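The values are calculated or read from the model by the stated rules, or taken from the named source; none is laboratory data. All figures in this text were calculated on a predicted structure; none of them were measured in a lab. Backbone-built Cβ (ideal geometry, glycine too); neighbour counts: all protein chains shown. In case anyone asks, the SASA skips ligands and DNA or RNA and just uses the protein heavy atoms, side chains included. Shrake-Rupley method; radii C 1.70, N 1.55, O 1.52, S 1.80 Å.
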Amino acid sequence: MRHIIYRRILACLCVLLVFSQIVQVALEEHNRAQAAEQVLEEQEKLTLWYTDEKLNLYLVNAASQFEQETGVEVTLQLVTAVDYIELINRASISEGGGPDLFVTSSELLEKARLAGLTVENDSFREQELEGFFPQKALEAATCGGKLVAYPFYFETCFLLYNRNYVDHAPASIDEILAYSDTFEATERMANVENILKWNVADIFYNFFFIANYVNLGGPTGDDPSQVQLTADEVYQCLEYYQSLNAFFAIDAEAVTTDDVLQEFIEGKTIYTIAKTDAIKRLDEAIAQGQVPQLPPEEGEMEAADQGEEAEGTEGEESQEPVEELPPEEQEAFYGIAMVPDLTGELHTKGLSVTNSVVVNAYSKCRERAKEFAKYITYNKVDSLYMEANKMPVKIGVPYENKQMQVLIDQYEESVEVPKITDLSNYWIWMEITFANIWKGGDVQEEIQSVAGKVEAQLTQ
């Protein structure tokens, strides 16, 4: 009897032992599942940093759609542009961590690469890159021999002309000067105050004068051995630039980009140099009825009078009103053209800046970050212009305004701001140099002074 009890007790103990083992295994599995789920949640969150508030709407919409499609939450953080790369670097090596990816201009890519913040863009095959992005954009996103960013959008300068006054763009500023000499202020042109006016105080609008004859670090802008600032044509172009003050008398101390564009809208200026974001402001001015309606030329008035007389003799059937086109189908009052050459011998190029998305090398979610970088620079980028007033570099983005293709052509022919960190002061020095030359400073002395400063920085 006693043996039977012992056996039963032993059997119960065995059952309890097995049950406890089962429970322990189940608990371990549960804990592992929870840990895996927690890690997965941590991995499925991204943070993007950027400095331009105009991107807010676009990035919010893109992040929301990306989360719907992938389940990955993206936190957007608008930060200061001051010491941007240093800020990202400090955050990345801190306990809290930095962004998984960030938007930056091409001129900061070398600084980001040297800080160890970049990884190679390997999200596209080589054939796709060539088909999706212009060579200019790929060069802008290349640093140290590798494609280290995702080309996003660009800014460049170009020529605007008022179609109410002229029906085509000039090939050179020489042609504008010739037009100025023969200009007659008809009733239609009574409002004109400037034949050509641009912001002579801003290097972005001035640099096209010499851009064709300087080398700012080779095709990808990061080679210090390919810096050439003092070609003979540079002096000739700047002497030409200086001579324009006698023709157009633009006050460099008072002129602003906003005022120049407003005067163009008001019909006070026939030609101007503008930047990419100006087009949206022009279109808004049209939509809001801010563009003045000009009286027709004498020839147009005679033709209209003759047409009215003819209609009066044809009976009532000819009295039907002519249907006007809606504003979006009417021809814009402005024309877009490439920046003009100076003369038949002195040629120009626009200046450009390309902004790209960089995946942070410190990110714990690199692959997901790469997915989102591709998503906002390629998959969804067709809506970038409408939502942020930024021109995407992606090839084939549709625009209602067919003239926008000129901006893309201008970009592809432009000179990109270089990435060489030691050239960062060049733009400040050149803005001062252009200002001094506009006021009558000696061209040779001004350029040689800047070249000497740049050489000292590159060789220190």
Kindly report the accessible area of region 330-460 per residue (heavy atoms of protein chains, probe 1.4 Å, no ligands, DNA or RNA), in Å².
-> 42
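Can you work out the accessible area per residue across region 123-193, with the rest of the protein chains kept in place, probe 1.4 Å, in square angstrom? Walk me through the numbers on the way to the answer.
Details: 3200 Å² over 71 residues.
Roughly 45 Å² per residue, with all protein chains present.
Translational diffusion coefficient, Stokes-Einstein: compute it for region 121-236 using the Kirkwood radius over C-alpha pairs as Rh, at 37 °C and 0.692 mPa s, and state it as an integer in µm² s⁻¹.
Working: Rh = 18.2 Å.
Here the translational diffusion coefficient equals 181 µm²/s.
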Measuring from its Cα centre, region 45-92 shows a charge dipole (+1 at each Lys and Arg Cβ, -1 at each Asp and Glu Cβ) which, in debye to the nearest 20, is 60
In whole angstrom, the spacing between the Cα centers of region 442-460 and region 206-270 equals 18
Rg to Rh ratio, region 61-185, alpha-carbon atoms and Kirkwood radius?
-> 1.17
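Hey, can you rank 415-422, 240-247 by average C-beta count inside 10 Å, highest first? Provide the component values of the computation, followed by the final result.
Working: 415-422: 22.2, 240-247: 15.1.
Packing order, densest peptide first, comes out as 415-422, 240-247.
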Most to least packed among 374-381, 135-142, 360-367 [average Cβ atoms within 10 Å] | 135-142, 374-381, 360-367
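Just reorder Arg163, Arg90 by solvent-accessible area, largest first, 1.4 Å probe, all chains present. The partial results should precede the final answer.
Numbers: Arg163 75, Arg90 135 Å².
Ranked from most to least accessible, the order is Arg90, Arg163.
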Listed residue pairs exceeding 29 Å between alpha carbons, taken from Lys197/Lys280; Lys349/Lys394; Lys280/Lys380; Lys280/Lys370 = Lys280/Lys370
Backbone HN-Hα couplings from phi across region 243-258 [Karplus 6.51/-1.76/1.60, Hz, Gly and Pro as x] = 5, 5, 4, 5, 7, 10, 6, 7, 7, 5, 7, 10, 5, 9, 4, 4
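Could you sort Asp223, Asp232 by accessible area so the largest value comes first, with the probe set to 1.4 Å? Walk me through the numbers before you get to the answer.
On the way: Asp223 45, Asp232 105 Å².
Output order, biggest surface exposure first: Asp232, Asp223.
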What shape does region 326-460 have by the C-alpha gyration tensor, where a ≥ b ≥ c are the square roots of the eigenvalues, rounded means a/c under 1.5, and otherwise prolate means a/b greater than b/c and oblate the rest?
-> oblate
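Kirkwood Rh, Cα Rg: Rg to Rh for region 250-298? Could the numbers behind the result be given before it?
Working: Rg = 12.2 Å, Rh = 12.0 Å.
Reported Rg/Rh (Cα atoms, Kirkwood Rh): 1.02.
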Highest-first arrangement of 276-282, 97-103, 250-256, where packing means the average Cβ count within 10 Å = 97-103, 276-282, 250-256
Kirkwood Rh in Å, taken over region 383-451 so that all alpha-carbon pairs contribute | 15.3
Reported to the nearest 10 Å², Glu53 has, with a 1.4 Å probe, an accessible area equal to 130
Residues meeting the amide H criterion for Phe133 (H placed from the backbone, H to H distance under 5 Å, 5 or more places apart or on another chain) are Ile395
Between Glu184 and Ile93, how many nm apart are label points set 7 Å from Cα along the C-beta direction?
-> 7.2
Could you state how much accessible area Ser449 has, in square angstrom rounded to the nearest 10, with a 1.4 Å probe and all protein chains kept in place?
-> 60
Restricting things to alpha carbons, tell me how big region 206-291 is in terms of Rg and Dmax, in Å.
-> 17.4, 53
Carbon and sulfur atoms account, in whole percent of the 1.4 Å probe accessible area of region 337-426, for 48
